[in-house]
Amino acid sequence: MSIITLGIESSCDETACAVIEDGRIVRSSIIASQADLHSQYGGVVPELASRMHVEAIVPCIREAMKQASIEYSDIDAVCVTKGPGLVGALLVGVSAAKALCEVKKIPLVGVNHMAGHIAANYLTDVSWEPPFLCLVVSGGHSEILLVKDYADMEYICATRDDAAGEAFDKIARVIGLGYPGGPKLDKASQTGDPTAFSFPAPKISDSLDFSFSGIKTAALNTINQVRLKGEDVDVNDFAASYQDAICSILTDRLWKAVKKTKMKKICLAGGVSANSCLRAKITEMARKNHLELCLPKMAYCTDNAAMIASAGYYDYVAGIRDGLDMNAYPSLEM
């Protein structure tokens with residue numbers, strides 16, 4: 001008999017609900033985006049995000065169930081993001097999930113948001129399974145994990161300071177692209193010259209760790225130098241060059257992790273996995289070295305509840321359950 005999981009995601013500025021069958025088949029996926037609201041402020045305003053989640057969470061749950069044609073009695077587990085993320089936003093989803101589980105007597109499973117991003121690959125390729133290496137890249141995370149099994153993951157490396165997504169967002173704002181910075185930087189780069197500007201790659205001895213604070217500072221200095229001369233920064237060239245430099249670093253570290261672990265299966269996860277430059281570089285690296293590659297579908301790169309319901313499914317079948325005392329954890333580790 002199939003296992004049906006209802007996923008709830010509210011870690012940042014997307015209110016999302018989804019219904020997944022057996023951890024792989026998407027029965028419905030609803031996302032209420034707040035991007036237009038936050039764009040006028042140049043970034044996510046936590047208090048506004050929380051209020052918007054409160055307004056959207058129940059309609060999202062109802063619509064997800066309607067599109068999946070299920071009743072509450074069909075749900076085997078409610079899977080909700082418990083962290084990391086904005087604590088106020090997380091609490092909305094966690095509270096809704098706990099209330100639903102208490103009233104309808106459904107098991108509750110709290111899910112790590114980053115484990116959800118990794119699970120996006122299971123929704124993309126129904127045959128994809130551990131073990132594999134995963135490059136996780138988002139606004140708050142840049143790390144490579146060896147996924148030995150669905151609930152057994154080992155850190156290979158992480159960022160020592162800024163994440164790649166944060167580095168994209170900050171420079172996108174500085175050169176006037178606004179919010180959300182990453183996608184707008186990617187779009188601007190399409191008609192730019194990736195060799196127009198050069199940026200230094202971090203040098204960390206005896207480690208595969210990332211560091212993006214230096215390249216971000218170098219980019220800011222370059223922008224200031226150009227403007228001090230009374231000139232304008234060519235936004236498209238700058239976007240293409242900066243993006244190429246960061247994606248080259250990410251690709252280089254993943255290749256070194258492949259050589260270190262001897263793993264022949266690789267995938268991406270997180271919001272930055274939607275970046276066209278990164279996808280192209282990773283695809284070429286995999287082709288040249290005969291690696292098996294999974295790139296998550298664009299719909300599952302950014303925050304969504306389908307990935308949470310998928311990750312929660314594997315916890316559920318492993319016997320993991322959470323009580324009504326489960327909290328939201330803004331700095332939750334894998």
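Within the stretch 174-197, take every residue that is small (Gly, Ala, Ser) and modelled with pLDDT under 95 and give me the one that is farthest from the chain's Cα centre (by Cα).
First, the residues of the stretch 174-197 that are small (Gly, Ala, Ser): 176, 178, 181-182, 188-189, 192, 196.
Keeping just the survivors that are modelled with pLDDT under 95 gives 176, 178, 181-182.
On the way: 176: 24, 178: 20, 181: 15, 182: 12 Å.
Result: 176.
Among the residues of the stretch 137-161, which ones are among the charged types (D, E, K, R) and surrounded by 21 or more Cβ atoms within 10 Å (Cβ to Cβ)?
First pass over the stretch 137-161, keeping only residues among the charged types (D, E, K, R): 143, 148-149, 152, 154, 160-161.
Once the filter is applied, which keeps residues that are among the charged types (D, E, K, R) and surrounded by 21 or more Cβ atoms within 10 Å (Cβ to Cβ), the stretch 137-161 yields only 143.
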I'd like to know if the stretch 134-146 contains one or more residues that are within 14 Å of residue 245 (Cα to Cα) and within 17 Å of the chain's Cα centre (by Cα). no
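Only one residue in 319, 312 is touching a residue at least 40 places away in the same chain (Cβ under 8 Å) and small (Gly, Ala, Ser). Which one? Give the derivation first.
On the way: 319 fails: touching a residue at least 40 places away in the same chain (Cβ under 8 Å).
None of the other options fit; the residue is 312.
Of these, 281, 264, 259, 288, which one is assigned by TED's automatic domain parsing to the domain that holds residue 158 and either in contact with a Leu (Cβ under 7 Å, 6 or more places away or on another chain) or under 30 Å from residue 75 (Cα atoms) (or both)? Step through it out loud before you land on a result.
Details: 281 fails: either in contact with a Leu (Cβ under 7 Å, 6 or more places away or on another chain) or under 30 Å from residue 75 (Cα atoms) (or both); 259 fails: either in contact with a Leu (Cβ under 7 Å, 6 or more places away or on another chain) or under 30 Å from residue 75 (Cα atoms) (or both); 288 fails: either in contact with a Leu (Cβ under 7 Å, 6 or more places away or on another chain) or under 30 Å from residue 75 (Cα atoms) (or both).
Residue meeting the stated conditions: 264.
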Is it the case that some residue within the stretch 218-226 is within 23 Å of residue 157 (Cβ to Cβ), touching a residue at least 60 places away in the same chain (Cβ under 8 Å) and in contact with a helix residue (DSSP H, G or I) (Cβ under 9 Å, 6 or more places away or on another chain)? no
I'd like the residue in the stretch 57-82 that is within 20 Å of residue 322 (Cα to Cα) and out of contact with any strand residue (DSSP E or B) (no Cβ under 7 Å at 6 or more places or on another chain) and, out of all such residues, is surrounded by the fewest Cβ atoms within 10 Å (Cβ to Cβ). 73
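Look at residue 178 and say whether it is of a type outside the set (D, E, K, R), part of a loop (DSSP other than H, G, I, E, B) and farther than 23 Å from residue 280 by Cα. Write out each step before concluding.
Values: of a type outside the set (D, E, K, R): yes; part of a loop (DSSP other than H, G, I, E, B): yes; farther than 23 Å from residue 280 by Cα: yes.
So residue 178 passes the test.
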Is there a residue in the stretch 24-33 that is modelled with pLDDT under 95, surrounded by fewer than 17 Cβ atoms within 10 Å (Cβ to Cβ) and more than 22 Å from residue 324 (Cα to Cα)? yes
Selected residue (criterion: nearest to the chain's Cα centre (by Cα)) from residues of the stretch 158-173 that are under 14 Å from residue 243 (Cβ atoms) and among the hydrophobic types (A, V, I, L, M, F, W, C): 164
Complete set of residues in the stretch 46-56 that are crowded, with 17+ Cβ neighbours inside 10 Å and either out of contact with any helix residue (DSSP H, G or I) (no Cβ under 8 Å at 6 or more places or on another chain) or under 22 Å from residue 141 (Cα atoms) (or both): 49, 50, 56
Within the stretch 77-96, can you find the residues that are over 15 Å from residue 14 (Cβ atoms) and out of contact with any Leu (no Cβ under 6 Å at 6 or more places or on another chain)? 77, 79, 82, 87, 91, 94, 95
Restricting attention to the stretch 113-131, and to residues there that are of a type outside the set (A, V, I, L, M) and surrounded by fewer than 22 Cβ atoms within 10 Å (Cβ to Cβ), which single residue is nearest to the chain's Cα centre (by Cα)? 124
Check off (1) out of contact with any helix residue (DSSP H, G or I) (no Cβ under 6 Å at 6 or more places or on another chain); (2) of a type outside the set (A, V, I, L, M); (3) on the phi < 0 side of the Ramachandran plot for residue 206 and give me the number that stays unchecked. (3)
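The values are calculated or read from the model by the stated rules, or taken from the named source; none is laboratory data. What you are looking at is a predicted structure, and each value in this text was computed from that prediction instead of being measured. Please note: Cβ atoms are built from the backbone with ideal geometry, for glycine as well, and neighbour counts cover all protein chains shown.
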